[in-house]
Amino acid sequence: MINVAVLGFGVVGSGVVELIEKNAETINKGLKEQIKVKKILDIRDFEGHKYQDLFTKDFDEILNDDEISIVIETIGGKEPARTFTEKALKKGKSVVTSNKELVAAFGSELMVTAKENNSYYMFEASVGGAIPVLRPLGTCLAANNITDIWGILNGTTNYILTRMFEGGASFEDALKEAQQKGYAERDPSADVEGHDTMRKIAILMAIASGYETNCDKIMTEGITSIKQEDVKILDKAGYAIRLIGHGKVCDKKVFARVSPMVISKNHPLAGVKDVFNAVMVMGDATDEVMFYGKGAGKFPTASAVVADVIDIAKFNGNPPKYSWEKPDADMMIDIEDTSSMFYVRATGITKQDFDVLEIISEQNGEIAFITSEMNEKAFIAAKKQLELKGAEFKAVIRKLL
Ligand code: HSE
């Protein structure tokens, strides 16, 4: 028997326990020993629950149980998840997680701890929910120099943006729906402010570059300032908005940014709707490769978690893996040194004030247009100058090149 313990019986944790039971035949096919959930850690009471005999509130019961070889951490956040993970790894137990916050911040250290203790730290579920992307990126695409990654990496914001464009829903109503469906984080500001996407692009770029990506250096902008006025103008002109995590490897340096982006409805990423995520990877040998699937939710995420457990069981303690190291020096490119195209809606400016590629609307003294590609620093300086002369910028959204 391969005994596992699940830490945290929330949306993902309960999905893992139920999936291991529901798909037992498929999951255990080809394994020498069957996977069994022996304990579930949660601070809440589960009197009368179907799994009531499995619950404990004491982590040490799991830590000191030598029959438990794999710990599944679905608590989320930094603490106590980090302490529990470290302790389990040091005891020689492998840890599987969906916790992107922990992986992005402490993945490097935890992978070293795992290696030192002949255990494994696996986290396929931390990016893209159901989508197999970390393993393919680290193994199947290993012959490539990855130059760019563009990802729709947050189901909640993608659901909100889709509902705002296609159902005319307000931001607040769409967020409530995403919460009811179990997509949103406990504190949904991590979704709508872009921090969840930031952690996921950091993980993807760490695998792509081989080095830890410093989250503090990732410029992060969420979707809270997207207005219905812009949704209507852009929709009519054949554009959509998606929250994009973009990473770039350039001369061994890395750039990463999270921001809403205007994209043509003909672009493959515009077809990614509702809770779906997509990751587009540019490799120097492959050209574009795209991964697509449900990025959040109980069973889609549980699917990736349980697959990691199966890999640990199947490959006899040597599963296919992906990793990265801490860099010796800062590898991050400053956002100001990068360039973008910009969608601008403003009053008090004319099309001559920027190198305008396309005018999208012009009415009642207000103009909306898309600029040609320009340096971020130059754009900010031009905006400031125009504001001093009385211009009012009502919306600025980057456009996908
Ligand atoms: N809150 C996250 C999302 C969950 O909406 O994508 C999956 O990481």
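None of the figures in this text is laboratory data; all of them are computed from the coordinates on show. Remember, it's a predicted structure, so these values are computed and weren't measured experimentally. Methodologically, a virtual Cβ is constructed for each residue, glycine included, from the backbone with ideal geometry; neighbour enumeration extends over all protein chains shown.
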For residue 358, what residues show an amide H to amide H distance below 5 Å, using hydrogens built from the backbone and excluding near sequence neighbours? 370
Short to long, in 10 Å steps from zero, the percent of alpha-carbon pairs of region 17-68 per bin is 22, 42, 31, 4
Quickly estimate the mean residue ellipticity at 222 nm for the chain, helices only: each DSSP H run with n ≥ 4 gives -39500 (n - 2.57), and the total goes over all residues, rounded to 500. -9500 deg cm²/dmol
Excluding residues fewer than 8 places away in the same chain, name every one of the lysines whose C-alpha is closer than 16 Å to that of residue 50. 22, 36, 38, 39
If the chain between residue 139 and residue 290 were fully extended at 0.36 nm per residue, the gain over the current Cα-Cα distance would be 52.8 nm
List the relative contact order of the chain as a percent without decimals, with contacts defined as Cα pairs under 8 Å and 6+ residues apart. 17
Summed over the other residues with a beta carbon less than 13 angstrom from that of residue 269, with K and R at +1 and D and E at -1, the charge totals +2
Near residue 224, within a Cβ-to-Cβ distance under 11 Å, what is the net charge of the other residues, with Lys and Arg +1 and Asp and Glu -1? -3
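If you count, for each residue, the other Cβ atoms within 10 Å and average over each peptide, how do 98-107, 271-280, 60-69 line up from highest to lowest?
98-107, 271-280, 60-69
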Whole number please: convex hull volume per residue of the Cα set in region 182-287, in Å³? 129
At a Cα cut-off below 16 Å, give the lysines reachable from residue 394, other chains included and same-chain residues fewer than 8 away excluded. 227, 232, 351, 383, 384
From the phi angles alone, apply the Karplus equation (6.51, -1.76, 1.60; θ = phi - 60°) to region 352-357 and give each ³J(HN,Hα) in whole Hz, x where the residue is Gly or Pro. 6, 6, 9, 7, 8, 8
Semi-axes, largest first, in whole Å: what does sqrt of 5 times each Cα gyration tensor eigenvalue give for the chain? 42, 23, 17
